[in-house]
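For reference, the structure is listed below as structure tokens.
The values are calculated or read from the model by the stated rules, or taken from the named source; none is laboratory data. In this text the structure is predicted, and so the values were computed from the model without any measurement. Positions of Cβ are generated from backbone atoms using ideal geometry, with glycine treated the same way; all protein chains shown enter the neighbour counts. When the accessible area is computed, the model is the full protein with side chains, heavy atoms only, and any ligands, DNA or RNA have been set aside. Shrake-Rupley method; radii C 1.70, N 1.55, O 1.52, S 1.80 Å.
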Amino acid sequence: MHVEPVLIFVLAAVAVVTVVQWVAGRTGLPAAALLPIIGVGYALLPGPNIPLDPDIILAFVLPPLLYSAALDASMIAIRRNLRTVISLSVLLVLLTALLIGLGFAWFVTGATLAAGIAVGAAVAPPDPVAALAVGRKVGLPPRIITLIQGEGLLNDATALTILSVAVAAATGDGFSAPAALGQFLLAATGGVAVGVVVAFAVRLLSRPLSGDPMLANAVSLATPFGAYLFGELVHVSGVLAVVVAGLIVGHHTPRSASGAGRLQTSAVWRLVDFLLEGFVFLLIGQQLPGVIRGLAGYDTTTVVVAVAITVGVTLLLRPVWLVLTLLLPGALYARRRRDGTTSVRWTGRQVVVLSWAGTRGVISLAAIFTLPLVTETGARFPARDLLLFCTFVVVLVTLVGQGLTFAPMVRALGLRADDNDQALLRNEARAASVEAALAALDELEQQEHDDISGQVIETMREQLRARLSRYRDRLSMLRDNDSAGPPISPQYEAALHVRRVAIDAQREEFLHWRDAGRLSDEGLRVLERELDLEERLLPDRPARR
């Protein structure tokens, strides 16, 4: 095998992913929708294509992507909306697979119920990458973001379990509803148990390693693969094990990891997401020629009917399900919480956004490519090439069609988070944290502290009081603000500009020292890191020019 062509292809793919991300940042178009289009264009050109290997996708690509998403998700928010998350990630997936299976059995020549359920299971789980990327950029409310995240984390396990049951039935084992339900429950409960065990082991291992960010980061990178492998070895859902482990670890990371470790781990996972997602969406487009070649043995009517059933059920069932489950009368959907309040009613605009957030991705293709070529009797798997094509069409229609139109639709509906409320909440938390720090200093001052002078405590107290004063001033502005977004303070913006000017001047002086030979490169990197961490604390907004 020649290494040079592979290396050229990888470098070209990295270049394409980088350029597309840059274009997406400038135009507002989602990269997840642009990359498959470029992949299709490349696939039509002469030259080598990379075939999609489902085993590699499921074992090496899916675990880190799911784990990274779980680390960023809120376990508390998902638990608060658990009933709706389960409705979308379990019940809707089951219903989608069943309806598509029935449609294939009744209307598609040569297809069976099991084969139809297999393709239904493959296209049922949305891949939330495109929707989340757009949703965060346009400022969707946190409640909708939570549902998209929770559904995307849990629906893959449901779909892959249904797929394995359908394949077993199609290849000769026969179908038994009780056996299928038992297999699903075993895979789900076992996956949850494995995820809890792995998360507990990671927490135990992370405590002695928290002082070394490199070692803690190595454990973090290995965790999703370990959880997936453990789950598959004991014949439960490895996907669900990864998700549960990520949710638990992410929930406890603020207490168990050091600040340096969190910064480094977050940066590494952002890079992993960027590269893996980019390659995956390029890979989707490159499968088109091989999928089309497999349709040679089917007449046009059969292909059109199969595609219409798959795309139609996928696109139409989701909004119908959301309307039935989220817009029912209050007595049917409201859930009383422990504090005596009830969950807030969903609006029609929110349901429309959730309906259009059902983009499918590489998980659907990886799942359908795992279909065996032949059954146990040696016969060809029923309508396998047709199932591949139907899945590919659903992925392209949702990724490109819904992906490109999602942001304009959200803006047209005027559905976005209340930035003022979010800023108010954050500043209230900041003020509370400073008050807690001042209380801790008071307690420390009352204790015996021969090695701590009163002047040191008083200096820290003055710094905290100045910070608390700024937070209280900001809170007053936010509480008196009637506009849609948080108020802009000229004094605050001027202070940010001054801090950036000072940091840039310090950084430039360090470079002069290094270039003059007075400071080593190692010393420069240490000092630069101090300035980088200070700059990282500033709000992420354009600097003055």
- Task: Return the total of residues in segment 209-238 being at pLDDT 90 or above and either in contact with a strand residue (DSSP E or B) (Cβ under 6 Å, 6 or more places away or on another chain) or charged (D, E, K, R) (or both).
- Result: 1
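Matching residues to (1) of a type in the set (D, E, K, R); (2) surrounded by 14 or more Cβ atoms within 10 Å (Cβ to Cβ):
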residue	(1), (2)
R255	yes, no
L263	no, yes
W269	no, yes
D273	yes, yes
Q287	no, yes
G294	no, yes
D299	yes, no
T302	no, yes
T310	no, yes
- Query: Just to be sure, is A114 touching a residue at least 12 places away in the same chain (Cβ under 8 Å), of a type in the set (G, A, S) and within 15 Å of S164 (Cα to Cα)?
  - Reply: yes
- Message: Let me confirm something: among I148, I162, I144, which residue is of a type outside the set (K, R) and over 18 Å from F406 (Cβ atoms)?
- Response: I162
- Message: Name the single residue that is modelled with the highest pLDDT among those in segment 422-440 being of a type outside the set (A, V, I, L, M) and open to solvent by 80 Å² or more (accessible area, probe 1.4 Å).
- Response: E435
- Item | Residues being under 17 Å from T359 (Cβ atoms) and crowded, with 17+ Cβ neighbours inside 10 Å - total across segment 312-327 | 7
- Task: For residues that are of a type outside the set (V, I, T) and open to solvent by 10 Å² or more (accessible area, probe 1.4 Å), scanning just segment 361-373, find the one that is farthest from the chain's Cα centre (by Cα).
- Result: L373
- Task: Of the numbered conditions (1) open to solvent by less than 20 Å² (accessible area, probe 1.4 Å); (2) among the aliphatic types (A, V, I, L, M); (3) in a loop (DSSP other than H, G, I, E, B), L88 fails exactly one; give the number of that condition.
- Result: (3)
- R83 passes all but one of (1) surrounded by fewer than 19 Cβ atoms within 10 Å (Cβ to Cβ); (2) in contact with a helix residue (DSSP H, G or I) (Cβ under 8 Å, 6 or more places away or on another chain); (3) in contact (Cβ under 8 Å) with a residue 40 or more places away in the chain; which number fails? (2)
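Conditions (1) out of contact with any Asp or Glu (no Cβ under 7 Å at 6 or more places or on another chain); (2) in a helix (DSSP H, G or I); (3) surrounded by 16 or more Cβ atoms within 10 Å (Cβ to Cβ), marked per residue:
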{"position": "P36", "(1), (2), (3)": "yes, yes, yes"}
{"position": "P46", "(1), (2), (3)": "yes, no, no"}
{"position": "I57", "(1), (2), (3)": "yes, yes, yes"}
{"position": "F60", "(1), (2), (3)": "yes, yes, no"}
{"position": "L71", "(1), (2), (3)": "yes, yes, yes"}
- Query: Does P382 qualify as being at pLDDT below 90, farther than 22 Å from R136 by Cα and open to solvent by 10 Å² or more (accessible area, probe 1.4 Å)?
  - Reply: yes
- Task: Just one of (1) open to solvent by 60 Å² or more (accessible area, probe 1.4 Å); (2) closer than 25 Å to L388 by Cβ; (3) touching a residue at least 24 places away in the same chain (Cβ under 8 Å) trips up Q21, so point out which.
- Result: (2)
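State whether one or more residues within segment 317-333 are part of a helix (DSSP H, G or I), charged (D, E, K, R) and at pLDDT 90 or above.
Yes, because at least one residue in segment 317-333 is part of a helix (DSSP H, G or I), charged (D, E, K, R) and at pLDDT 90 or above.
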- Would a scan of segment 441-452 turn up a residue that is more than 30 Å from P141 (Cα to Cα), modelled with pLDDT under 80, open to solvent by less than 60 Å² (accessible area, probe 1.4 Å) and outside any helix (DSSP H, G or I)? yes
- Identify, please: which residue in segment 91-112 is among the β-branched types (V, I, T) and part of a helix (DSSP H, G or I) and is, among those, nearest to T146 (Cα to Cα)? V93
- Note on the structure: How many residues of segment 115-131 are open to solvent by 20 Å² or more (accessible area, probe 1.4 Å) and assigned to a helix (DSSP H, G or I)? The answer is 2
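Name the residue, out of L215, L229, that is in contact with a Leu (Cβ under 7 Å, 6 or more places away or on another chain) and open to solvent by 80 Å² or more (accessible area, probe 1.4 Å).
Among L215, L229, only L215 is in contact with a Leu (Cβ under 7 Å, 6 or more places away or on another chain) and open to solvent by 80 Å² or more (accessible area, probe 1.4 Å).
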- Do we find that V313 is within 27 Å of the chain's Cα centre (by Cα), closer than 24 Å to V397 by Cβ, at pLDDT 85 or above and not polar (S, T, N, Q) in this structure? yes
